[in-house]
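Asks: Here you go, one structure.
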Amino acid sequence: MDERILAVQRMQDFIEKNLYNEITLLDLSKVSLFSPWYSYRIFKEYIGLSISDYIRKLRLSKSALKLRDNKIKIIDIAFEMGFKSVDGYQRAFQKEFNCNPYEYSKNPVPIYLFNPYGVKFRNMEAKKNMEKVKNVFVQVVEKPERKVIIKRGIKATEYFEYCKEVGCEVWGLLTSIKSISREPVCLWLPNKYVKENTSVYVQGVEVDINYDGLMPEGFDIIELPKSKYLMFQGEPFKEEDYCIAIEELQESIKKYDPSVIGYKWDTENPKIQLEPIGERGYIELHPIK
């Protein structure tokens, strides 16, 4: 992989780990192993943002989640995020999300959070030499009756097609909505939930069945019944091997027969994909009855 891409990834990793501290260009040049000037240049080239804009957007998005989930004073969050004044933080928050942070803390509406991906994951080809998954953890889980706020694609059947049709920013907005499952989900919808000329594969967020909050423009909401799922979880993997981790777990699922534990596949409910996170292993949930 190009050393410049790896250098930018090291800078992204450093920013994530030190987000609440002062971060200088000199700090980043030390981890990138390039000069400060060249570090700044390649970061903007590959990320599309200046380093300062990237840090600001990331801090604001982290602050929005804290305001959503905790009782915290605006003055405290402003200084925690490195802003020199409350007024400066409020202006930045208003500009980024088109709402006032105090009002948002009282009524968290869906907003497009900045959810950056590591640059090396955008510039890699799937490797074919990863070891086969040695263990797959399988567990029966139960989902309650719920609503799911979804963004439909056009023809997508998987993540990369979906991103081309809809854009990757949807995940940031879904993350801003408090979920009963603590994270957004990707779904493969059964035919009865698919609208004409829309995709089988969608991204969404599971919310309480009584949810009556603001609906983002261009999104739909569906209701799902109480149902059982088989959760398949692969072994932890290196982040750069996520494509192979997905392929290998999906191959294992194809070979699994739920009748050995007294179930059969339920084709009336959607299959669920969680975000591939290396430290926990790749996870899919398939409905059973």
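Asks: For the stretch 60-109, enumerate the residues that are within 24 Å of the chain's Cα centre (by Cα), crowded, with 19+ Cβ neighbours inside 10 Å and part of a loop (DSSP other than H, G, I, E, B).
Replies: Once the filter is applied, which keeps residues that are within 24 Å of the chain's Cα centre (by Cα), crowded, with 19+ Cβ neighbours inside 10 Å and part of a loop (DSSP other than H, G, I, E, B), the stretch 60-109 yields M81, P108.
Asks: As an exercise: evaluate E223 against (1) modelled with pLDDT of 95 or more; (2) in contact with a Phe, Trp or Tyr (Cβ under 9 Å, 6 or more places away or on another chain) and give the number of the one condition it does not meet.
Replies: Here E223 meets the rest and fails (2).
Asks: For the stretch 225-245, what are the residues that are within 24 Å of E206 (Cα to Cα), among the hydrophobic types (A, V, I, L, M, F, W, C) and crowded, with 20+ Cβ neighbours inside 10 Å?
Replies: L230, F232
Asks: Might you let me know whether the stretch 11-27 holds any residue that is of a type in the set (A, V, I, L, M, F, W, C), surrounded by 12 or more Cβ atoms within 10 Å (Cβ to Cβ) and free of Cβ contacts under 8 Å to residues at least 24 places away in the same chain?
Replies: Step one: filter the stretch 11-27 for residues of a type in the set (A, V, I, L, M, F, W, C), giving 11, 14-15, 19, 23, 25-26.
Narrowing further to those that are surrounded by 12 or more Cβ atoms within 10 Å (Cβ to Cβ): 11, 14-15, 19, 23, 25.
Then keep just the ones that are free of Cβ contacts under 8 Å to residues at least 24 places away in the same chain; that gives 14.
Scanning the stretch 11-27, I find at least one residue that is of a type in the set (A, V, I, L, M, F, W, C), surrounded by 12 or more Cβ atoms within 10 Å (Cβ to Cβ) and free of Cβ contacts under 8 Å to residues at least 24 places away in the same chain, so the answer is yes.
Asks: Can you pull out the residues in the stretch 180-212 that are under 26 Å from F97 (Cβ atoms), surrounded by fewer than 18 Cβ atoms within 10 Å (Cβ to Cβ) and out of contact with any Lys or Arg (no Cβ under 9 Å at 6 or more places or on another chain)?
Replies: R182, E183, D212
Asks: Filter the stretch 3-22 for residues that are assigned to a helix (DSSP H, G or I) and among the hydrophobic types (A, V, I, L, M, F, W, C) and give the result. Write out each step before concluding.
Replies: Here is the first cut: in the stretch 3-22, the ones assigned to a helix (DSSP H, G or I) are 3-17.
Correct list: I5, L6, A7, V8, M11, F14, I15.
Asks: Which of (1) exposed (fewer than 15 other Cβ atoms within 10 Å of the Cβ); (2) part of a loop (DSSP other than H, G, I, E, B) is the odd one out, the single condition N269 does not satisfy?
Replies: (1)
Asks: Give the residue, chosen from D76, D69, D87, that is acidic (D, E) and touching a Lys or Arg at 6+ places or on another chain (Cβ under 8 Å). Lay out the reasoning, then the answer.
Replies: Numbers: D76 fails: touching a Lys or Arg at 6+ places or on another chain (Cβ under 8 Å); D87 fails: touching a Lys or Arg at 6+ places or on another chain (Cβ under 8 Å).
Residue meeting the stated conditions: D69.
Asks: Within the stretch 112-129, is there a residue that is in a loop (DSSP other than H, G, I, E, B), surrounded by 13 or more Cβ atoms within 10 Å (Cβ to Cβ), modelled with pLDDT of 85 or more and hydroxyl-bearing (S, T, Y)?
Replies: Looking for residues that are in a loop (DSSP other than H, G, I, E, B), surrounded by 13 or more Cβ atoms within 10 Å (Cβ to Cβ), modelled with pLDDT of 85 or more and hydroxyl-bearing (S, T, Y), one finds at least one in the stretch 112-129, hence yes.
Asks: Looking at the stretch 147-191, which of its residues are of a type in the set (G, A, S) and modelled with pLDDT of 90 or more?
Replies: We begin by selecting, within the stretch 147-191, every residue of a type in the set (G, A, S); these are 153, 156, 167, 172, 176, 179, 181.
Result: G153, A156, G172, S176, S179, S181.
Asks: Return only the number of the condition from (1) more than 27 Å from Q94 (Cα to Cα); (2) in a helix (DSSP H, G or I); (3) of a type outside the set (S, T, N, Q) that F34 does not satisfy.
Replies: Result: F34 fails condition (2) only.
Asks: For R182, which of the numbered conditions (1) closer than 18 Å to E142 by Cα; (2) touching a residue at least 40 places away in the same chain (Cβ under 8 Å); (3) among the basic types (K, R) fails to hold?
Replies: (2)
Asks: Then there's this: Give just the number: which of (1) without any contact (Cβ under 8 Å) to a residue 12 or more places away in the chain; (2) part of a loop (DSSP other than H, G, I, E, B) does C163 not satisfy?
Replies: For C163, the failing item is (2).
Asks: Give I42, I55 a once-over and let me know the one that is touching a Ser or Thr at 6+ places or on another chain (Cβ under 8 Å) and not basic (K, R).
Replies: Details: I55 fails: touching a Ser or Thr at 6+ places or on another chain (Cβ under 8 Å).
So the residue among I42, I55 that is touching a Ser or Thr at 6+ places or on another chain (Cβ under 8 Å) and not basic (K, R) is I42.
The values are calculated or read from the model by the stated rules, or taken from the named source; none is laboratory data. All values reported here derive from a predicted model rather than from experimental measurement. Using ideal geometry, Cβ is built from the backbone for each residue, glycine included, and neighbour counts are taken over all protein chains shown.
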